[in-house]
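A.B. asks: Take a look at this one; I'll ask things after.
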Amino acid sequence: MRNFAKKFKTAKYTLLSFTALSVAGYAHAASPDAATGSGTHKKQVASRTATTNKQVADDRDQKQVSRSEEMLVRGDRIQSATYQSPTNTPLTVTQPTFVMSKHYIENNLPATSNYDTVAAIAPSVMSISPNGPGLSESANLVMRGFSDGQYDVTFDGIPIAQTNDNTHHSTSYYAAHDLGQVEVDAGPGDATTVGFATFGGRIGINSKDPKKKMGAEAYASAGSWNTYNYGAEFDTGEIKGTHGGRLFADVEGTTSGGYVNYAAQRRSNYMIKYIQPLGEHTTLTVSGMYNHIDQHAPPGATRAQIAKYGPEFGLSNDPTNQNYEGYNRDAVQTDLEYIGINSDLGSGWTIEDKAYTFAYFHQPGDSGKDVNGTTANGTVYSATDVPGTRMKMDYRAWGNVLKLKKKVSIVDFQSGVWVDHQSNGRIQYNLDWTLDGRPAPNSAKAITRQMHDQNLSIQPFIQADVHITKALTFSAGFKYASFERDLEATVNQTTKKPMNYSQTYTAPLPSFNLHYMITPKWSSYIQVARGFLAPSLTYFYVGNPADNQVSAERTWNYQIGTSYQSRRLSVGGDFYYIDFSNMIGSRLIGQNTQYYNMGSVRYYGAEVQGTVYLAKGISLFANASYNQARLNSDNSWVPNAPDATAAGGIIYNNRNFYASLIDKWVGSRFGDSSNTQGMTPFNSLDLSLGYTTGRVIGPMNHVKFKLNITNLLNSHSINYFNGYASDGKTALYFTQPGLGAFGSISVPFDIGH
């Protein structure tokens, strides 16, 4: 522990040094002498302006969907395949990438949606939300066969993950109304891509920016399963006297009974974002988000229960049963704040720095001891007891992402470092619900875990992008990943004994990319990169972790792809092969996750997506993937890895009207190892209709009405294996939510001048 504290102290001083360096650079870039003057200063300004223009051009390329929206919207008439495409592949990418724009999110998804609902449309992605869109925690998002915890999720470039196993919580951060775009990166990225799980890919969530014109918006929706969403947003526009500073604040609430019986959800979300120019070459961004959620989370149902009680079987309203809704409840509060700054420092130097903190407070997390299994009432503490568990978990992270860029002739050099420290306290104990949730009397083993763990991630990187010609760029980079776990447990999980242990995992991570612009509308790329993931904390749940020689998980990724963008056609495609050593699998047993080593794995396949704009606002869209994820030892399938996905439909977007009919299909897969728990293919056909008015009265302008119908065919297929009950044998499943209809209205007010 002393060694860990020393390393964290060093990392903290390093982080503060980065911040001091950044502030010094920002002060120089924003100073009057740097912005005006004569002689050398003028040359510096000219050079800086040219660099800034180049940076602006690069940023616009990276946000190609947004740029296309600005260029190709004429009045209310949309005339671009790029704009209408649900999954767009920008020309600038160097790995398979699928971008879901704000336009897609606003028109095609119910207001309750989360990032997992958005990402579900992408090829190679399977996302299961058994309680309705955005109405349940979704740890069931799988990408190319990689499960949650094996890929990164970032919010505005900040990697977020749970401390013990790198998983995520889809209902606990940004709400759909605050999303700017969602990007699915199917690969480890280059050396500048930092995160906890850099090998399985990345889901990048970007929040929207404040508007440049003052305005307000009130919005509300209502739909199936007593679902209601409501909120209000205010944009200041460019604030007088701030040289372009602007802010937006959004307040949103959701309540729903949920598709699954007694699986209600209540959620409130608060978001604020401020952008302030500092001089001509520097921009400061400050953002904060707070989310509170109460939800009742069923663990799934057996096939017998589904057959007897129906596909919506989950919890009950009977306080004498372990599946009573009041005994199965999660209350979670999260927050995410950051201060980011982008600056052109002159002489070819640019800097991006983002200091952040995020937290997750899970108090309480209640459940019946064995909701679906064999531990009946009256078998643990007394003849009348209703056994259950309660857990509490609090963690907070502090971190900084620093990126420096220097242009020298035909080479763009990039370097920087990511530092992240997380601290997590957890306790879980058995209780008797007949005693109002108090620990059971006369139970020597009431506390099943009492732990404090810390993580320290440090990833320095360097990369050179060599512009061999105007069309051809070769990138070579190197990143060094260091991840240290520290556990201090009074009662260690599984062993129930004290534990004090620390271990560091490291890996060198090279990357190589080749990007070629065949024509101004057609690009191609090749990527070879190594990925990394440190083992889960579960490897400390043994008597002596030093005897548990588990190496970090590593991959070699080989990918080749292409993208074509024009007004009439948006197409992207790729082939991939991933060599994965030391695959760690997991399965849910009751309330605990069990991990096991599956050995080496190979992933390979192909992905394609395209949208063709026909005429008069009509587009056709389709994407598909062929995916293989197999163990080298016996050729069996990786659990929860679909063998294929496909999506397609028709989109109409002309003047005031929007309509889409899109179907997403997911192929067969196995829910558990050794080709067991087979799952049949399933699909969801979704319909979206929207109408936007012109000016209504006074400042009320462009009122929008929308109807989303999910699972139009009302399918109730069993589509997810959710592990076993506490006996380790009784299998639990989720089904597709039935047909859902959600109507919404958005009322903007133009109050600026």
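A.B. asks: Report the label-to-label distance for A216 and H702 in nanometres (one decimal), using points 7 Å from each Cα along the Cα→Cβ vector.
C.D. replies: Taking the simple label geometry, A216 and H702 are separated by 1.9 nm.
A.B. asks: Could I ask something else about it? For N654 and T469, what is the calculated FRET efficiency with R₀ set at 35 Å and r taken between the beta-carbons, to the nearest 0.05?
C.D. replies: 0.30
A.B. asks: If I model a spin label at N317 and S409 as a point 7 Å from the Cα along the Cα→Cβ vector, what separation in nanometres do I get?
C.D. replies: Here the answer is 7.7 nm between the modelled labels.
A.B. asks: What order, most packed first, do the peptides 273-283, 487-497 have when packing is the mean number of other Cβ atoms within 10 Å of each residue?
C.D. replies: 273-283, 487-497
A.B. asks: For S674 paired with R602, estimate the spin-label separation in nm (one decimal), with each label point 7 Å from Cα along the Cα-to-Cβ line.
C.D. replies: With each label point 7 Å from Cα toward Cβ, the separation is 2.4 nm.
A.B. asks: Accessible area per residue for segment 177-288 in Å², computed with a 1.4 Å probe and the full protein assembly in place, what is it?
C.D. replies: Ligands and nucleic acids excluded, the figure is 35 Å² per residue.
A.B. asks: Rounded to a whole number, what is D in µm²/s for the chain from Stokes-Einstein with the Kirkwood radius over alpha-carbon pairs (4 °C, 1.567 mPa s)?
C.D. replies: Once the numbers are plugged in, D ends up at 48 µm²/s.
A.B. asks: Based on the Cβ-Cβ distance of A741 and T302, what FRET efficiency does E = 1/(1 + (r/R0)^6) give at R0 = 30 Å, to the nearest 0.05?
C.D. replies: FRET efficiency, A741 to T302: 0.55.
A.B. asks: In the chain, carbon and sulfur make up what percent of the accessible area (probe 1.4 Å)?
C.D. replies: Looking at the chain in its full context, I get 59 percent from C and S.
A.B. asks: Can I ask one more? Segment 686-744: which trypsin sites (Lys or Arg not before Pro) are DSSP loop and have at most 12 other beta-carbon atoms within 10 angstrom?
C.D. replies: Hits after loop and neighbour filter: K729.
A.B. asks: In addition: Please sort through the DSSP H helices of the chain and keep those with an alpha-carbon extent of at least 30 Å along the long axis and a Kyte-Doolittle average not below -0.5.
C.D. replies: 2-30
A.B. asks: Let me ask another. Between D634 and T495, what is the FRET efficiency for a Förster distance of 30 Å, r being their Cβ-Cβ separation, to the nearest 0.05?
C.D. replies: 0.45
A.B. asks: Once you keep just the Cα pairs under 8 angstrom separated by 6 or more residues, what percentage relative contact order results for segment 187-277?
C.D. replies: 23
A.B. asks: Could you run the Karplus curve 6.51 cos²θ - 1.76 cosθ + 1.60 with θ = phi - 60° over segment 532-547 and give me ³J(HN,Hα) per residue in whole Hz, x for Gly and Pro?
C.D. replies: Listing the rounded values in order: 8, 8, 6, x, 5, 4, 4, 6, 9, 8, 9, x, 9, x, 5, 7 Hz.
A.B. asks: For segment 369-447, which trypsin sites (Lys or Arg not before Pro) are both in a DSSP coil and crowded by at most 13 other Cβ atoms within 10 Å?
C.D. replies: Filter output for segment 369-447: K445.
A.B. asks: May I ask you to derive the relative contact order of segment 169-323, considering only C-alpha pairs under 8 Å and at least 6 residues apart, and to give it as an integer percent?
C.D. replies: Here the relative contact order equals 17 percent.
A.B. asks: Can you tell me, using C-alpha contacts under 8 Å and at least 6 residues apart, the relative contact order of the chain as a whole percent?
C.D. replies: Once normalised by length, the contact order is 13 percent.
A.B. asks: When the chain is fully extended, how far beyond the present Cα-Cα distance does S382 get from L712, taking 0.36 nm per residue of separation?
C.D. replies: Stretched fully, the S382-L712 segment lengthens by 113.9 nm.
The values are calculated or read from the model by the stated rules, or taken from the named source; none is laboratory data. The model shown is predicted, which means the values in this text are computed figures rather than measured ones. Counting neighbours? That spans all protein chains shown, and the Cβs are built from the backbone with ideal geometry, glycine included. For accessibility, only protein heavy atoms count, side chains too; no ligands or nucleic acids. Shrake-Rupley method; radii C 1.70, N 1.55, O 1.52, S 1.80 Å.
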